[in-house]
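Some notes on the structure that comes next.
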Amino acid sequence: MAQSSAHSSSASDLSPWTALLLLAPLTAVMLLILIYPLGLTVWTSLYNGRFSFDAYVELASSTLFLRVLRNTFEIAIGGTLVSLLFGYPVALHLAAQPPRKRTAYLIMVMLPFWTSILVKSFALVAVFGNQGLINQFLGVVSGGTLNVPMMFNRVGVILGMINFLLPFMILSILGSLLALDRRLILAAETMGAGPLRIFWKITLPLSLPGVLAGVLINVTLSIGMYITPALLGGRQDMMVANLVDFYTRQTLDWTAASATAVALLILSGLLVALLGKVRGASGLAGAGA
Amino acid sequence: MTASSTPAMVELQGVAKRYGEVNALHRVDLSIAKGEFVTLLGPSGSGKTTLLNLIAGMITPSSGRIVIDGRDATTLPTNRRGLGMVFQNYALMPHMTVFENIAFPLEVRRLSKAEIKRKVGEALELIQLGHVANRKPRELSGGQQQRISLARCIVYNPALILMDEPLGALDKKLREQMQLEIKRLHAELGITMLYVTHDQDEALTMSDRIVLMNGGRIEQQGTPDTLYFRPETVFSAEFIGSSNLIPGTVEIGADGAYALNTALGRFAAPAPERAMKAGEPAVLLVRPENMALAATPTPAGVDGHIEDSILLGGVVRHFVRCADGSSLIIQELNQPGRPGAHRGEAVRAAWQPQHGRLLPPAPAG
Ligand SMILES: Nc1ncnc2c1ncn2[C@@H]1O[C@H](COP(=O)(O)OP(=O)(O)OP(=O)(O)O)[C@@H](O)[C@H]1O
Ligand SMILES: [Mg+2]
């Protein structure tokens with residue numbers, strides 16, 4: 001906070017721009033908690049006694065990093081697709097509800113937000129674990145021969161992830177669906193179109209901006225996922241964030257950890273830019289209005 | 001009525017629609033003949049859209065039966081009624097080009113690519129918009145968009161087209177142009193059209209028959225001439241054209257001749273179509289163009305003074321204040337050398353008794 005007051009006083013000395021003055025505290029906080037640590041991370045990845053790109057070169061040739069990177073993308077994209085698959089029908093159903101009912105359902109959709117991710121993860125184990133509800137039921141039905149491992153593997157990570165990702169997907173798609181002019185559907189009906197054709201030719205294309213926004217949010221959120229793969233995944237399901245944790249706490253290699261973190265940041269930045277471009281293009285195509 | 005001679009395209013039998021406590025439509029009976037151009041006219045909230053949407057199948061009636069083209073359609077889903085609809089806001093698909101928009105109903109009908117191309121081309125030709133086929137609706141003016149939505153409707157040749165205030169969003173000039181265009185299409189294609197408007201001029205210009213709605217009921221129906229010259233209620237008389245209405249009580253002479261005793265005097269009038277009793281309250285309607293300024297005493301007339309005179313090009317309108325405080329409108333043809341009427345001048349508003357029309361009094365409230 002000392003830094004904050006110093007910064008703002010220098011700004012006010014220079015000029016009477018109150019806007020700048022008002023922005024100063026936030027700018028200071030951002031500098032303190034975002035830019036400074038980020039800069040420190042980049043610095044650590046580049047400077048280890050002397051200045052070099054060695055850590056990045058090593059990273060690019062490390063099979064562990066490349067395998068973890070592939071995992072990360074597989075899990076992030078897989079989780080996003082599953083979340084889209086479940087989220088779209090839910091959004092469609094919500095959009096068709098009368099407003100009061102929709103609000104009630106939306107609260108249910110948002111409920112996972114108010115629960116700690118730790119609690120949610122343990123709850124998932126209680127349902128999907130080897131001793132969980134589903135496997136106990138399968139055991140009883142099959143006479144103890146059937147047990148489907150759904151936790152501490154890829155399935156577990158994806159299950160845990162979509163629990164977290166779904167609300168974002170549902171909300172973005174719902175936004176697009178609610179903006180869709182109902183009279184277009186009525187017009188299509190008078191022209192003789194059935195529900196399937198209306199979905200494929202009108203509802204789906206006009207909700208694409210929401211779908212793309214949902215995918216964008218989901219991919220960025222899941223690419224930096226840390227707790228879920230650590231708690232619900234197996235040894236093979238390590239993601240980049242877990243690798244950073246591994247370097248900092250197991251091998252104490254801060255340079256490698258920093259380089260990995262910076263690589264993750266750049267990769268997800270690129271992905272966001274790419275998806276944003278696709279989204280911008282579809283917006284221009286007129287699907288928005 | 002025309003409906004009895006030709007087979008009906010649409011038949012409503014006792015159709016009613018309630019929304020909770022609101023009676024949007026009371027039991028309505030209506031028959032529309034094949035090839036007819038019928039206009040639903042009425043003030044806001046009178047149930048025009050409700051009636052149209054019931055026929056389109058977007059809402060289901062609370063009671064009654066809807067027959068379309070000889071088939072009971074009361075519970076038939078919209079997409080199986082085989083009709084066309086033109087919306088006020090055009091309802092063009094924003095993500096499709098003009099061509100794709102018009103092709104949509106043909107794709108629904110599984111026509112071949114070549115045939116779709118031919119038909120869309122013809123439809124665009126008909127509305128003279130061939131050059132915009134590859135544009136998105138948003139890149140067109142309001143009038144062009146409405147013509148596209150018209151083309152999208154006629155391209156699949158539905159036997160019945162419903163239009164809900166299709167020209168409401170257009171300016172006056174464009175509206176008149178589109179009215180003629182719709183009339184032309186109706187004459188060329190012989191499609192039955194049911195047209196909703198709250199603009200009396202539009203209704204008078206376009207319709208074979210006007211159905212005048214009031215508070216969820218049909219007030220009166222008939223040709224534009226019938227509604228204008230033979231209104232049956234005060235509401236009809238006031239809604240279509242302008243009118244002078246003089247309230248009073250009925251007097252019937254020994255020879256059966258009708259007259260009305262009013263605060264302004266006693267006026268002879270033709271016998272009403274539905275007989276009235278002596279002493280019954282009634283209203284005398286005289287259209288402004290049937291009244292004239294008279295210099296000398298005349299058999300039917302009211303004394304007053306000119307409050308205002310306005311020139312409307314070919315006609316002049318005088319507003320005359322009568323002795324009892326009520327006011328009358330007189331409309332005369334404007335001719336060169338017409339004697340000027342001055343504000344405050346004492347005049348006599350006169351009319352031929354056969355131009356008067358006795359109406360039942362307006363319901364209270
Ligand atoms: N969905 C609805 N729920 C409740 N009441 C409705 C509904 N739709 C229409 N109404 C009521 O039914 C009556 C008739 O409405 P309608 O839309 O048919 O009028 P309209 O003649 O088309 O009027 P306008 O010229 O304003 O379009 C109105 O009193 C309206 O408030
Ligand atoms: Mg309406």
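Rule-based calculations on the coordinates, nothing more; no lab input. Just so it is clear, the model here is predicted, and its values are computed rather than measured. Here the Cβ positions follow ideal geometry from the backbone for every residue, glycine too, while neighbour counts run over all protein chains shown.
In percent, how large is the relative contact order of chain A, given Cα pairs closer than 8 Å and 6 or more residues apart? The partial results should precede the final answer.
Numbers: 302 pairs, mean separation 73.2, N = 289.
It rounds to 25 percent for chain A.
Whose amide H sits under 5 Å from the amide H of residue B:81, counting only residues 5 or more places off or on another chain, with H placed in the peptide plane?
Hits under the 5 Å cutoff: none.
Pop out the Kirkwood hydrodynamic radius of the protein assembly as shown from its pairwise C-alpha distances, inverse of mean 1/r, in Å to one decimal.
32.1 Å is the Kirkwood radius here.
Sort B:117, A:277, A:201 so the one with the fewest other Cβ atoms within 10 Å of its own Cβ comes first.
Ordered by Cβ neighbours within 10 Å, fewest first: A:277, B:117, A:201.
Filter the GluC sites (Glu not before Pro) in the stretch B:1-75 down to the DSSP loop ones having no more than 15 other Cβ atoms within 10 Å, then list what survives. Don't jump to the answer; show the numbers that get you there.
On the way: sites: B:11, B:21, B:36; in loops: B:21, B:36.
For GluC sites (Glu not before Pro) across the stretch B:1-75 that sit outside H, G, I, E and B with at most 15 neighbouring Cβ atoms in 10 Å, the list reads B:21.
Using only helices, what value at 222 nm comes out for chain B when you add -39,500 (n - 2.57) per DSSP H run of length 4 or more and divide by the total residues, to the nearest 500 deg cm²/dmol? Mind showing how you got there, number by number?
Values: 8 runs with 84 residues, N = 365.
When only DSSP H runs of four or more count, the value is -7000 deg cm²/dmol.
Leaving out same-chain residues fewer than 8 places away, which lysines sit with a Cα under 23 Å from that of residue B:173?
Within reach: B:183.
Quote the charge dipole size of the stretch B:1-77 about the Cα centre in Debye, to the nearest 20; the model charges only the Cβ of Lys and Arg (+1) and of Asp and Glu (-1).
My answer is approximately 120 debye.
Which three lengths, in whole Å and largest first, does the stretch B:8-235 cover when its Cα atoms are put on their principal axes?
So the three principal-axis extents are 51, 38, 31 Å.
For chain A, what does the alpha-carbon gyration tensor say about shape, rounded, prolate or oblate, given a ≥ b ≥ c as the root eigenvalues, a/c under 1.5 as rounded, and a/b over b/c as prolate?
oblate
Applying a 10 Å radius around every beta-carbon, put A:80-88, A:40-48 in order of their mean neighbour count, most first.
Result, highest mean first: A:80-88, A:40-48.
Ordered by residue, what ³J(HN,Hα) values in Hz, to whole numbers, does the stretch B:255-272 give under the Karplus form 6.51 cos²θ - 1.76 cosθ + 1.60, where θ = phi - 60° and Gly and Pro are x?
Computed from phi, the couplings for the stretch B:255-272 are 8, x, 6, 8, 8, 10, 8, 10, 5, 9, x, 9, 10, 6, 8, x, 4, x Hz.
Does the stretch B:172-250 classify as rounded, prolate or oblate by the C-alpha gyration tensor (a ≥ b ≥ c root eigenvalues; a/c under 1.5 gives rounded; else a/b over b/c gives prolate, otherwise oblate)?
Note, shape of the stretch B:172-250 comes out prolate.
Evaluate the relative contact order of the stretch B:242-359 (contact order divided by residue number), counting alpha-carbon pairs under 8 angstrom at least 6 apart; express in whole percent.
RCO, the stretch B:242-359: 31 percent.
Starting from the Cα gyration tensor of the stretch B:242-359, take the square roots of the eigenvalues, sort them a ≥ b ≥ c, and report rounded, prolate or oblate (rounded when a/c is under 1.5, otherwise prolate if a/b is larger than b/c, else oblate).
Judged from the Cα gyration tensor, the stretch B:242-359 comes out prolate (a/c at least 1.5, a/b above b/c).
Count charges around residue B:331 for me, please; just the other residues with Cβ under 11 Å from its Cβ, Lys/Arg as +1, Asp/Glu as -1.
After counting each charged neighbour, the total is 0.
Looking at the protein assembly as shown only, what percent of DSSP beta bridges run antiparallel? Nearest 5 please. Display every interim value, and only then the final one.
Working: 65 of 82 bridges.
Within the protein assembly as shown, antiparallel bridges account for around 80 percent of the total.
What does the highest-first list of A:269-276, B:178-185 look like by mean Cβ count within 10 Å?
Ranked by mean Cβ neighbours within 10 Å, highest first: B:178-185, A:269-276.
When the Karplus curve 6.51 cos²θ - 1.76 cosθ + 1.60 is applied with θ = phi - 60°, which whole-Hz ³J(HN,Hα) does each residue of the stretch A:42-58 get, with x for Gly and Pro?
Here the 3J(HN,Hα) series is 4, 4, 4, 6, 9, 10, 9, x, 9, 8, 7, 9, 3, 4, 6, 4, 4 Hz.
For residue A:201, what charge total do you get from the other residues with a beta carbon under 11 Å from its beta carbon, if Lys and Arg give +1 and Asp and Glu give -1? Please list the in-between numbers first.
Working: positive: A:197; negative: B:100, B:107.
Result for the local shell: -1.
For B:84-97, what's the mean count of beta carbons from other chains sitting within 10 Å of each residue's beta carbon?
Per residue, the average neighbour count from other chains is 5.
Given the DSSP H assignment, sum -39500 (n - 2.57) over each helix run of at least 4 residues in chain A and divide by its residue total; what's the result at 222 nm in deg cm²/dmol, nearest 500?
On the way: 15 runs with 213 residues, N = 289.
Computed mean residue ellipticity for chain A: -24000 deg cm²/dmol.
Which order do the peptides A:142-151, A:99-108 take when ranked by the mean count of other beta-carbon atoms within 10 Å per residue, highest first? Before the final figure, lay out each step's value.
Details: A:142-151: 12.8, A:99-108: 11.3.
Packing proxy ranking, top to bottom: A:142-151, A:99-108.
Tell me the net charge near residue B:33. Cut-off is 14 Å between Cβ atoms, residue B:33 excluded, with +1 for each Lys or Arg and -1 for each Asp or Glu.
On the way: positive: B:34, B:209; negative: B:11, B:36, B:69, B:208.
With Lys, Arg at +1 and Asp, Glu at -1, the neighbours total -2.
Under a crude label model (7 Å from the Cα following the beta-carbon direction), how far is residue A:196 from residue B:312 in nanometres?
Inter-label distance under the simple model: 5.8 nm.
Show which lysines lie in cross-link reach of residue B:17 when reach means a straight Cα distance below 16 angstrom and same-chain residues fewer than eight apart are skipped.
B:48
In terms of modelled amide H atoms, which long-range or inter-chain residues lie less than 5 Å from the amide H of residue B:86?
B:162, B:163, B:164
Considering amide H positions built from the backbone, and no H for Pro or chain starts, which residues 5 or more places from residue B:218, or on another chain, come under 5 Å of its amide H?
Long-range HN contacts for residue B:218: none found.
Applying the Karplus parametrisation 6.51 cos²θ - 1.76 cosθ + 1.60 with θ = phi - 60° to the phi angles of the stretch B:75-84, what ³J(HN,Hα) value in whole Hz is obtained for each residue in order, glycine and proline being reported as x?
10, 5, x, 3, 6, 10, 8, x, 10, x
Could you please rank B:198, A:93, B:318, placing first whichever residue has the fewest other Cβ atoms within 10 Å of its Cβ? It would help to have the intermediate numbers written out before the result.
Numbers: B:198 18, A:93 14, B:318 23.
Ascending Cβ contact count within 10 Å gives the list A:93, B:198, B:318.
As a footprinting exposure proxy, order A:232, A:208, B:359 by other Cβ within 10 Å, with the fewest listed first.
A:208, B:359, A:232
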